[in-house]
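Below: the structure, in structure tokens.
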Amino acid sequence: MSVRLGDIAPDFTADTTQGPVHFHPWKEGQWAILFSHPKDFTPVCTTELGAVAKLIPEFTRRNTKVIGLSVDPVESHHRWEGDIADVTGHAVTFPMIADPDRVVATLYDMIHPNASDTLTVRSVFIIGPDNRVKLSLTYPASTGRNFDEILRALDSLQLTASYSVATPADWQQGDDVIIVNSVSDDEAVTRFPKGFVTKKPYLRVTPQPNT
Ligand code: BEZ
């Protein structure tokens, strides 16, 4: 079964590099990013784990916990952590799930048999404080992810969770945002005191409300 946007993220208990994790209580009240990589001691994965490790202070600033997953065992994850620090200069300080029986991978549909019968694809799930899935993406083994983009998407998700706005293509923190169409012009005047510009009746932009 696939996990879709708006679904409750499946709960699980799993062994990780930081001991057993019971997912929902572990992230209680916080955002979480659950991401899978195909295999330990592989080149693209090594660069990805280093990239995530470097961004941990940014995720923490956004009240967001990060947890990785592959089908390799905990001892292998621990041995690989040394290589990741060597190559990227960033120590892995977040837990990595060991999922040799593919229990979590199956719950989250991270094995795509027409890509590989045995390895997880590169999945990302951003999960809200309410445990609902806010974003998911899937990359193949050969394409490393852009974790700055995942951070950018997280910023959008957190902003749009608090204000009746959406973010345009390539939006970055501080850029103008779009007022959602369920807000009337009259309401927009009071809700967006910085003002707004009507480019089309369905496209009204306003300065980012929380900056
Ligand atoms: C990699 O991380 O480089 C990789 C992992 C699995 C298959 C192919 C590449």
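The values are calculated or read from the model by the stated rules, or taken from the named source; none is laboratory data. Quantities reported herein were computed from a predicted structural model and do not represent experimental measurements. Note: ideal-geometry Cβ built from the backbone for every residue, glycine included; neighbour counts use all protein chains shown. Just so you know, the surface numbers come from the protein's heavy atoms only, side chains and all, with ligands and any DNA or RNA stripped out. Shrake-Rupley method; radii C 1.70, N 1.55, O 1.52, S 1.80 Å.
General remarks:
- Per-residue HN-Hα couplings for the stretch 119-129 [Karplus 6.51, -1.76, 1.60; θ = phi - 60°; Hz; x = Gly/Pro]: 9, 6, 6, 8, 9, 9, 10, 9, 10, x, x
- Across all directions, the average projected area of the convex hull around the alpha carbons of the stretch 138-198 is 5.2 nm².
- Against the compact-protein benchmark of 2.2 N^0.38 Å, the Cα-based radius of gyration of the stretch 99-156 scales to 1.23.
- Alpha carbon centroid spacing (whole Å) that separates the stretch 1-53 from the stretch 138-211: 26 Å
- Rounded to 5, the percent of DSSP beta bridges in the chain classed as antiparallel: 70 percent
- Ligands, DNA and RNA left out, the accessible area of the chain computed with a 1.4 Å probe is 53% carbon and sulfur.
- Percent breakdown of C-alpha pair distances by 10 Å bin, ordered from the shortest bin, for the chain: 8, 32, 32, 17, 10, 2, 0
- Derived scalar couplings ³J(HN,Hα) [the stretch 109-118; Karplus, 6.51 cos²θ - 1.76 cosθ + 1.60; whole Hz; x for Gly, Pro]: 6, 8, 9, 10, x, 7, 9, 7, 6, 10
- Per-residue SASA entry for V71, accessible area with 1.4 Å probe, Å² rounded to 10: 20 Å²
- Over the C-alpha atoms of the stretch 46-150, the Rg to Rh ratio, Rh being the Kirkwood estimate, stands at 0.94.
- Per residue, the stretch 63-211 exposes 50 Å² of accessible surface when a 1.4 Å probe is rolled over the protein heavy atoms with every protein chain present.
- Separation of the N114 and D148 label points, Cα + 7 Å toward Cβ, nm: 3.3 nm
- Just so you know, the averaged projected area of the alpha carbon convex hull for the stretch 94-211 sits at 9.9 nm².
- Among K200, K39, the sequence by solvent-accessible area, most first, with a 1.4 Å probe is K200, K39.
- Under-5 Å amide H pairs with V66, H placed in peptide plane, nonlocal only: I33
- In terms of its Cα atoms, the stretch 49-100 spans 31, 23, 11 Å along the principal axes, sorted from long to short.
- The eigenvalues of the Cα gyration tensor, multiplied by 5 and square-rooted, give the stretch 130-170 an equivalent ellipsoid with semi-axes of 23, 13, 8 Å from largest to smallest.
- Largest-first ordering by accessible area, 1.4 Å probe, given options W26, W171, W31: W26, W31, W171
- Principal-axis tilt of helix 43-61 within the chain, Cα atoms, nearest 10 degrees: 50 degrees
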